[in-house]
């Protein structure tokens, strides 16, 4: 039996330039920690520069270096300005980790008027990747890794998913739809990169069930006492980040692969290649979503 992948399998990343969205907490911070430990220079994208800098300072001495830049994925102008600043500072981007997200939140809209889970989790990352894709393809072996979720299986191909939520809003379904969009985007991006003859790869990952701050709001006040029990049943953020780290650094990984935990129905364990839902592989649905995303964000990818 082949040895299971672990952090020991991560290569030396000296000279690698990486960007991690939501790198100031949870899975993102766990990802940043390991990239730095192997020598990468990491751009930590955080809504709050102060919180980002405090989080990086808390990591202690690292082999790599980090810089914290502001990014609000729920604001397309913030996305544009962030990408402009990254492009001014770096001539290539070896690794873009689309990690940040919001989960099963009450109804609301982004600054641009989109349903906020779809707008943040998908449209924000679609726009960011579009602004930075030339930097990724300028790297010798660039990668875009987008973090999805098992919840994508309850998502739908809803052409109105971006619209402000109405009376029929269901936060779990809306979250699942945004995570399905992450996968449709990843697989279509890989097809487009390959068609261009680019060596860059697009991959996806999911953490299984990880006990991070992202899910804290799921417990109403009357059930808050159950939170510690839930945390004991889940993986740590460090373990939840392993699929992302494998997708980001495994030299044997292929474009279009999806990584997740290998045990308990992909809820916990070591990272392996997993399958996503049948609809997530639908190329026509992916092309439709891509066209709609370009129209909504105003961001067009190079042909």
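Just so you know, all these numbers are worked out from the coordinates, no wet-lab data involved. The model shown is predicted, which means the values in this text are computed figures rather than measured ones. All Cβ positions, glycine included, derive from the backbone under ideal geometry; neighbour counts span all protein chains shown.
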| query | For the modelled label position 7 Å from the Cα of residue 141 along Cα-to-Cβ, which residues of segment 1-29 have backbone nitrogen atoms closer than 18 Å? | reply | 5-19
| Contact order relative to length of segment 8-100, as percent, for alpha carbon pairs under 8 angstrom and 6 or more apart | 34
| Backbone N within segment 1-33 under 14 Å of label point (7 Å from residue 263 Cα along the Cβ vector) | 4-6
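Determine the gain in length on full extension of the stretch residue 287-residue 273; use 0.36 nm per residue of separation and subtract their C-alpha separation, reporting nm with one decimal.
Details: separation 14, 0.36 × 14 = 5.04 nm, distance 2.39 nm.
Length difference between fully extended and current span is 2.7 nm.
From Cα pairs below 8 angstrom and at least 6 apart in sequence, can you work out the relative contact order of the chain, rounded to a whole percent?
Relative contact order for the chain comes out at 17 percent.
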| query | To the nearest Å, what is the center-to-center distance of segment 259-295 and segment 103-162, using C-alpha atoms only? | reply | 13
| note | Which of (1) 133; (2) 158; (3) 118 gives volume of the Cα convex hull per residue in Å³ as computed here? It is (1)
| Contour minus Cα-Cα distance for residue 254 and residue 294 (0.36 nm per residue) | 11.8 nm
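Full-extension gain between residue 77 and residue 91, please, as 0.36 nm times their residue separation minus the C-alpha to C-alpha distance. Working shown, then result.
Working: separation 14, 0.36 × 14 = 5.04 nm, distance 2.16 nm.
Full-extension gain reported as 2.9 nm.
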